[in-house]
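Notes for the one structure printed next.
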Amino acid sequence: YMVRVAGLQDQFKLGYHITDSKTDRTPVEQLSAISKKNSENIALQYKSYYELLNQLAEKNIRIKKNSALSKSEFSIIEETFHEQIFPALTPLGIDAYRPFPNLNNKLIHIFVNLQKEDTTRVAIVPVPAPLQRFILLDENKNDIGIVLLEDVVRHFIHTLFKGFTVTNSFSCRITRNADLELHEDGADDLLVVIQDYLKKRKNGMAVRLEIDTRDTIVSLHGDVRFLQTELDLEDRDVYMIDGPLDLTFLSKLTRYLAIASPEDVYPSFSPVTPSDLSGKNIFDVVEKKDVSLHHPYDSFDPVVDFIKSAAEDEDTIAIKQTLYRVSKDSPIIEGLKAAAESGKQVTVLVELKARFDEENNVQWAKELEEAGAHVLYGMTHLKTHSKITMVVKKQNNSIVRYVHLT
């Protein structure tokens, strides 16, 4: 949505009305069709969500509303709010002196209607992403209850607005355009260009607005129209959802399902190390034959060992590698840094234009350069998606090359 749909939004706003050769539709026709189909998908998604809630309840796992909490459970969320949540909240008022704030991409916000005597105002409260999405009421195997973070914030949101009465509130989330143009031509330093690009992407135009309509006590029409106007969105870009936004929190419930009903949880998968590699030096094996690994079924450890062994081997002259996406705390990066710090020639092509991994890759590029590696940032107008490593060693007065291809 942040890329393909955003691209169509740009075309629409620029007045581009030419029919696309693949879909035989204009940008506005494509956007309307996408909105219709996405609405159907959302209806199916939340139908499945509520069916899942019923199934979880049968396993004694319940996502509870504030109104359904016992006195002791309410005490838990009240204490959690005041001690852990309240200090992290920052209400953003909107009036003549405080313009409409910049809402963060894909972050849940609470829209609040306020009244003080004859004056009405609105405010927005971002729900900080670092906070856990739900509060655990009890981890007792016989009954596991949780309450969603935004529901707790909404319940106690009046504590942020002393002197005002909260007349209504609801959760909302926007999606921003991440399909911004990257100006590579004539750039002296692509790293600087990418960093500037990342700053602009955080403030890209809104392309979608999602509204959580649960437990709202008045019509949201006026408030939604206000948000549409401020965000420059059409009716087709707004999705009214009878359920919590961003259902990715469900994946974290598997931990509690494993406690309440272990038989309903898939067993954890552990990749295997091929027997002909187990306990052996990867280079000794590769000297005799090529090795093929089928990930994720085969372990990635032999690849890590390939880099680490090369970094530690005094016979290694150089390591050359391309990197597209790299995991957090990557052992590959650590191996390359160790090799560079030990005086080996390390050359790494870090693809800074890896979609949504640009920021991570900028950081990796800086760390590698600080360690002494020679870092390339890709090629103009192209993305280097291949994963290749070459280790150059000196053995018996000759040069030997070892290559890993993915």
**Study point:** Share, in percent, of DSSP beta bridges within the range 282-405 that are antiparallel, nearest 5
**Key:** 60
**Study point:** Mean ellipticity per residue at 222 nm, deg cm²/dmol - from DSSP H runs of n ≥ 4 across the chain, formula -39500 (n - 2.57)
**Key:** -10500 deg cm²/dmol
Review point. In nanometres, what is the gap between the two model label sites at residue 328 and residue 382, each 7 Å from Cα along Cα-to-Cβ?
Key: 3.3
Check your understanding: How much length, in nm to one decimal, is gained on full extension between residue 295 and residue 228, taken as 0.36 nm per residue of separation minus their Cα-Cα distance?
Key -> 19.6 nm
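List the trypsin sites (Lys or Arg not before Pro) in the range 14-85 that DSSP assigns to loop (not H, G, I, E or B) and whose Cβ has at most 13 other Cβ atoms within 10 Å. Which are they?
22, 65
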Review point. Rounded if a/c is under 1.5, else prolate if a/b beats b/c, else oblate: with a ≥ b ≥ c from the C-alpha gyration tensor eigenvalues square-rooted, which is the range 1-115?
Key: oblate
**Study point:** Length added when fully stretched, residue 98-residue 24, from 0.36 nm per residue minus Cα-Cα
**Key:** 22.2 nm
Revision key, fill the gap. Ignoring GluC sites (Glu not before Pro) buried by more than 11 other Cβ within 10 Å or outside DSSP loops, the longest site-free run in the chain is 182-313
Practice item. Report, for the chain, the % of DSSP beta bridges that are antiparallel, rounded to 5. Key: 75
Practice item. Average the reciprocal distances over every distinct pair of alpha-carbons in the chain, invert the result, and give the Kirkwood radius in Å. Key: 25.6
Review point. Among the aspartates and glutamates, which fall within straight-line cross-link reach of residue 13, defined as a Cα-Cα distance under 15 Å, with same-chain neighbours fewer than 8 residues apart omitted?
Key: 29, 179, 232, 234, 235, 237
Exercise for review: Calculate, for residue 84 and residue 255, the FRET efficiency according to 1/(1 + (r/R0)^6) with r their C-beta to C-beta distance and R0 22 Å; round to the nearest 0.05.
Suggested key: 0.65
Review point. At what distance in nm do the modelled label points of residue 136 and residue 281 sit from each other, each positioned 7 Å from its Cα along Cα→Cβ?
Key: 4.6
Practice item. Could you list, in their original order, any pairs among 37/64; 280/344; 280/328; 289/328; 64/106; 106/252 whose Cα atoms are separated by more than 29 Å? Key: 37/64; 289/328
Practice item. Starting from the Cα-Cα distance between residue 75 and residue 315, subtract it from 0.36 nm times their residue separation and give me the gain in nm to one decimal. Key: 79.9 nm
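Would you work out the charge dipole size for the range 27-177 about its Cα centre, treating the Cβ of every Lys and Arg as +1 and the Cβ of every Asp and Glu as -1, and quote it to the nearest 20 debye?
380
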Review point. On average over all directions, what projected area in square nanometres does the range 282-405 have, based on the convex hull of its Cα atoms?
Key: 8.1
Review point. For residue 38, what is the net charge nearby, where nearby means another residue's Cβ is under 14 Å from its Cβ and Lys, Arg count +1, Asp, Glu -1?
Key: 0
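Values quoted throughout were computed directly from the atomic coordinates according to the rules given, and no laboratory measurement underlies them. Just so it is clear, the model here is predicted, and its values are computed rather than measured. All Cβ positions, even for glycine, are placed from backbone atoms using ideal geometry, and neighbour counts span all protein chains on display.
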